[in-house]
Amino acid sequence: MAKILAVDYGDHRVGFAVSDALGIIAMPREVVTLAREADILPAILRVIRETGAEKVVLGLPVNMNGSHGPMAQKVAAFAVRLQQETAVPVELLDERMTTKIAERTLLDFDVSRAKRKKVIDKLAAQVLLQSYLDAHAAPDGDGENAAL
């Protein structure tokens, strides 16, 4: 399996996580703070190149009731644009609760508010990617994601 890059898209910060080459473990990578919205596309393309990712999973911020608000529409439109700029497949994935799960984890480890703010987006990307990897793991042990 090839490396997969997860992106937690935000207006001001973008979090990245990348899988291992076997597609078993999601690892947080970095958070990029954006000076302007136009900076997001070059940032993602850079991380795709640096990681050798062969797929991008882009978090879709679906509302708790399942509806798609303005931010989800913005991310969906961005996914189309990103797909036009790279040969790497782009897949949208419902990211409901990823930030809450990441925040809860950081609170459980007693991480200060200032430190949480610096890492929350890459941890949310990690949660998103791990859920994707788990959902695509071979259940019978015969597939490429089988446990060792």
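The values are calculated or read from the model by the stated rules, or taken from the named source; none is laboratory data. The structure displayed is predicted, hence computed values, not measured ones. When we count neighbours, we look across all protein chains shown, and the Cβ atoms used for this are built from the backbone with ideal geometry, even at glycine.
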Out of (1) within 19 Å of the chain's Cα centre (by Cα); (2) modelled with pLDDT under 95, the one L148 does not meet is (1)
Exclusive hit being in contact with an Asp or Glu (Cβ under 7 Å, 6 or more places away or on another chain), over 16 Å from V14 (Cα atoms) and modelled with pLDDT of 95 or more, set V80, V88: V88
Go through (1) in a helix (DSSP H, G or I); (2) closer than 23 Å to K3 by Cβ for K115 and report which single condition fails. (2)
Pick from the range 48-61 the residues that are in contact with a strand residue (DSSP E or B) (Cβ under 8 Å, 6 or more places away or on another chain) and in a helix (DSSP H, G or I): which of them is surrounded by the fewest Cβ atoms within 10 Å (Cβ to Cβ)? T51
Pairs under 7 Å by beta carbon, first residue in contact (Cβ under 8 Å) with a residue 40 or more places away in the chain in the range 49-70, partner hydroxyl-bearing (S, T, Y) and not in a loop (DSSP other than H, G, I, E, B), six or more apart or different chains? V57/Y132; G59/T98
Quick one: would you say D110 is at pLDDT 80 or above and assigned to a helix (DSSP H, G or I)? no
Residue count, the range 17-34 (criterion: hydrophobic (A, V, I, L, M, F, W, C), more than 17 Å from I101 (Cβ to Cβ) and surrounded by 24 or more Cβ atoms within 10 Å (Cβ to Cβ)): 1
Counting just the residues of the range 36-47 that are surrounded by 13 or more Cβ atoms within 10 Å (Cβ to Cβ) and under 14 Å from F78 (Cβ atoms), which one comes out farthest from the chain's Cα centre (by Cα)? D39
Looking at (1) modelled with pLDDT under 90; (2) within 20 Å of M71 (Cβ to Cβ), which one does K118 not meet, given that it meets all the others? (2)
If we keep just the residues of the range 19-61 that are β-branched (V, I, T) and within 14 Å of A124 (Cβ to Cβ), which is modelled with the highest pLDDT? V57
E91 passes all but one of (1) more than 15 Å from the chain's Cα centre (by Cα); (2) within 20 Å of R49 (Cα to Cα); (3) not in a helix (DSSP H, G or I); which number fails? (1)
Would you mind stating whether G66 is of a type outside the set (A, V, I, L, M, F, W, C), outside any helix (DSSP H, G or I) and surrounded by 16 or more Cβ atoms within 10 Å (Cβ to Cβ)? no
